[in-house]
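Reading through the C-alpha cells given below for one structure.
The values are calculated or read from the model by the stated rules, or taken from the named source; none is laboratory data. Treat the numbers as computed from the prediction; the structure is a model and nothing was measured. So basically every Cβ, Gly included, is an ideal-geometry build from the backbone, and we count neighbours across all protein chains shown. Just so you know, the surface numbers come from the protein's heavy atoms only, side chains and all, with ligands and any DNA or RNA stripped out. Shrake-Rupley method; radii C 1.70, N 1.55, O 1.52, S 1.80 Å.
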Amino acid sequence: SSGINAEWPLRPGFSELLTGQPLWPGKTGDVDQIYLIRKTLGDLLPRHLKIYNNSSYFKGVELKDPERYESLHERMGVDVPKQAMDFLQLCLVMDPNKRATCEDLLNHSYFDGFREWFEIELA
C-alpha cells in the first residue's frame, strides 16, 4: 500500500450495502463518528491525533474515550457471511500502511465468481 487511501470513505460504505444502515452514524457529526470508529477499531494513530489536534474545526473539542469497545461483528448488528466480514475487516484496518490495497480487495474471495462473470461481460 502506498499509505494514501483516497478511497477510505468507500470502505465503510460496504457495510451499509450489507445491512442498509451506516456503520458509524454519528448523531451530531464528525466527533460522534470518530468516537464510534475508535469504539470499533481502537485508538487513532499518532498522525490522526496530530491532524485532529491541529484542526481549527475540532479546536477545543475533546475526544472522549469509549466506555467499552465492540467488535466489528458486534457493531454490524446482523449476521454477515464470513467472506463479507473478512472483506470488511480488511477494508477497515486503521493504519493505511497495513490496510489492504484496492487491488488486494478486488482479488479477495468475496468476489470469486463475480470477477469471472464481470470479465466475460466486459469482453
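Calculated mean residue ellipticity at 222 nm for the chain: -13500 deg cm²/dmol, from DSSP H runs with n ≥ 4 weighted as -39500 (n - 2.57), summed, divided by the residue count and rounded to 500.
Only the Cβ atoms of Lys and Arg (+1) and of Asp and Glu (-1) were treated as charged; on that basis the dipole of the range 65-118 about its Cα centre amounts to roughly 80 debye. Of the GluC sites (Glu not before Pro) found in the range 1-98, the ones in coil according to DSSP and having at most 13 other Cβ atoms within 10 Å of their Cβ are Glu7, Glu62, Glu67, Glu70. Take every Cα pair under 8 Å whose residues are at least 6 apart in sequence, average their separation, divide by the length of the range 29-88, and the relative contact order is 41 percent. Taking all protein chains as they are arranged and a probe of 1.4 Å, the heavy atoms of Val93 leave approximately 50 Å² accessible to solvent. One chain, two ends: Thr28 and His48. Fully extended at 0.36 nm per residue, the span grows by 5.2 nm beyond their Cα-Cα distance. Scalar couplings 3J(HN,Hα) for the range 77-83, obtained by applying the Karplus form with A = 6.51, B = -1.76, C = 1.60 to θ = phi - 60°, are x, 9, 6, 10, x, 3, 4 Hz; x denotes Gly and Pro. For His48, the solvent-accessible surface with a 1.4 Å probe is about 40 Å², rounded to the nearest 10. For the chain, the solvent-accessible area works out to 69 Å² per residue, with a probe of 1.4 Å and every protein chain left in place. Springs between alpha-carbon atoms under 10 Å, Gaussian network over the chain: tell me which of Arg99, Arg47, Arg11 tops the mean-square fluctuations. It is Arg47. Length, then width, then depth: along the principal axes, the Cα atoms of the range 1-75 run 35, 34, 20 Å.
Pairs of lysine residues in the chain that meet both criteria, 8 or more places apart or on different chains and Cα atoms under 17 Å apart, total 5.
Rounded to the nearest percent, how much of the accessible area of the chain (1.4 Å probe, protein heavy atoms only) is carbon and sulfur? That fraction is 55 percent.
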